[in-house]
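Novice: First, the structure itself, so that you have it in front of you.
The values are calculated or read from the model by the stated rules, or taken from the named source; none is laboratory data. Everything numeric here is computed off the predicted structure, so don't read it as measured data. FYI the Cβ positions are ideal-geometry reconstructions off the backbone, even for glycines, and counts take in every protein chain you see. For accessibility, only protein heavy atoms count, side chains too; no ligands or nucleic acids. Shrake-Rupley method; radii C 1.70, N 1.55, O 1.52, S 1.80 Å.
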Number of protein chains: 2
Amino acid sequence: MLTALEERALHDRLGALAPISPKTWKAIVALGLRMSLAKGEYFSQPGEKATRFAVVISGLLRHYYLDAAGKESVKAFRGPMELSGPYAEIIQGRPSRTFIEALTAAELFVFEVAEVDTAAESSLELQRLFRRFVEVQFVAKEQREYEFLLLTAEERYRQFCASLPELLQHIPQHQIASYIGITPVALSRIRGRGRGRGKGQ
Amino acid sequence: MLTALEERALHDRLGALAPISPKTWKAIVALGLRMSLAKGEYFSQPGEKATRFAVVISGLLRHYYLDAAGKESVKAFRGPMELSGPYAEIIQGRPSRTFIEALTAAELFVFEVAEVDTAAESSLELQRLFRRFVEVQFVAKEQREYEFLLLTAEERYRQFCASLPELLQHIPQHQIASYIGITPVALSRIRGRGRGRGKGQ
DNA sequence: GTCGCGCGTTAACCCGGGTTAAGAACGCGA
DNA sequence: TCGCGTTCTTAACCCGGGTTAACGCGCGAC
């Protein structure tokens, strides 16, 4: 299902988390299913039972909540070799409450949790790899908690620019605003302030 | 090191996450070290290398950051049978940046990550248990992200009261305020608003 | 007892961000 | 080419929460 190049990239990425024997690698590749999304399509939506997650092969996805008033709140952007899917809801066995939308055309390598879980029942390597994957997610969320607790909106924006500069070109500003927890208008003002004092762009 | 009662409680708690064979259980108990903290003592502080985590046997702990201006920001409160420790920093192999303080006298069951990790190298059960433990942490952080993104300060406070009512009696309000990301003054105002319209306490 | 201190409350003032609305720049399909 | 939608910006006004400060309370140390 994957090209040799893609398989190589995925192997390198997962191998960086935990050692993977050839046998385990075969199992992983056999469990995944390739999937294409056109720009604007959804990988997952609230209401569906949360049973699948994916590794992004190419393209860019956006995870977001939608509240009763219709306001979108962006949880995450996910690019190549990153995890996508309503992972917290999968763990809890609950219906998803997050939208996952392709911001660009995207290729995914999709897994059914139940299948991966079953395979992991007899594979220490898979358990460990799983664990590391969740650890990465956990650290990311804790970093985000840190930023919401300690930083002002302006500092969160600077931090975003510093740590995810590739995304600045490809994502509309109102989605970045939502990601850092403010409105598009407020972000525009913050950018305006910075522009006055040198710091172009 | 643990009383029979404590061991029983710990076994029940961990067993709810993933099945544990008697052999694995022996290993876990052998790896842990009991530790007592007096009220006000610290289990972990920034600067120390982050190598230990613990399960709380009894008592109440507080995890918090301290910024350059001296402001404390509370990350979490942890009670009996919950995980404590600078877990994100342990995963990253970085020095801790969080304070972990005993709000009451507390008993902990402490593990050295390196030792547990080594033991898990040959135990699928331990890997799986580990993974589940991290998953629980991850879900909690994602819930917190949700609350910061979608809820107002007042709604976060109501949510806190609803989901952790036991803590209301034991924790000073300025620490609760910090936990939900506002100042003590603001929390007092919020409580004042509620008091006017019935809702005692 | 009383002194001090940490805690919660209240009030006054300030400011950052929300809200609403209008307009400019751009892309895109008819 | 025109028209429409989307994105970004700017301005005006409002409000929630931050800041500072004063006051009262309960409690432990002495």
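Novice: What are the residues in region A:81-110 that are within 9 Å of the chain's Cα centre (by Cα) and open to solvent by 20 Å² or more (accessible area, probe 1.4 Å), if any?
Specialist: A:Glu82
Novice: Those residues that are of a type in the set (D, E, K, R) and part of a loop (DSSP other than H, G, I, E, B), I need them from region A:71-109; list them, please.
Specialist: Once the filter is applied, which keeps residues that are of a type in the set (D, E, K, R) and part of a loop (DSSP other than H, G, I, E, B), region A:71-109 yields A:Lys71, A:Glu82, A:Arg94, A:Arg97.
Novice: On to the next question. Filter region A:111-121 for residues that are open to solvent by 30 Å² or more (accessible area, probe 1.4 Å) and within 22 Å of the chain's Cα centre (by Cα); which is nearest to the other protein chains (Cβ to nearest Cβ)?
Specialist: Selected residue: A:Asp117.
Novice: Another question, then. Given the criteria of a type in the set (A, V, I, L, M, F, W, C) and facing chain A (nearest Cβ under 9 Å), does B:Leu124 qualify?
Specialist: For B:Leu124, the condition - of a type in the set (A, V, I, L, M, F, W, C) and facing chain A (nearest Cβ under 9 Å) - is met.
One line per residue, one yes/no per condition, for (1) within 16 Å of DNA strand D (Cβ to nearest atom); (2) among the acidic types (Asp, Glu); (3) farther than 16 Å from B:Phe133 by Cα:
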| position | (1), (2), (3) |
| --- | --- |
| A:Val113 | no, no, yes |
| A:Glu125 | no, yes, yes |
| A:Val134 | no, no, no |
| A:Glu147 | yes, yes, yes |
| A:Ser163 | no, no, yes |
| A:Gln169 | yes, no, yes |
| A:His174 | yes, no, yes |
| A:Gly181 | yes, no, yes |
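Novice: Is it true that B:Glu121 is modelled with pLDDT under 95 and closer than 30 Å to B:Pro19 by Cβ?
Specialist: yes
Novice: Contact list please: Cβ distance under 6 Å, first residue in region B:134-156 and more than 7 Å from chain A (Cβ to nearest Cβ), second residue of a type in the set (A, V, I, L, M), pairs at least six apart or on different chains.
Specialist: Listed pairs, sorted by first residue: B:Ala153/B:Ile182; B:Glu154/B:Ile190; B:Arg156/B:Ile180.
Novice: Here are the criteria: (1) of a type in the set (Lys, Arg); (2) at the interface with chain B (Cβ under 10 Å from one of its Cβ atoms); (3) out of contact with any Ser or Thr (no Cβ under 8 Å at 6 or more places or on another chain). Tell me which single one A:Lys75 does not satisfy.
Specialist: Condition not satisfied by A:Lys75: (3).
Novice: Another question about this same structure. Every residue in region B:16-46 that is hydrophobic (A, V, I, L, M, F, W, C) and not in a helix (DSSP H, G or I), please.
Specialist: The answer is B:Ala18, B:Ile20, B:Leu33, B:Met35, B:Leu37, B:Ala38, B:Phe43.
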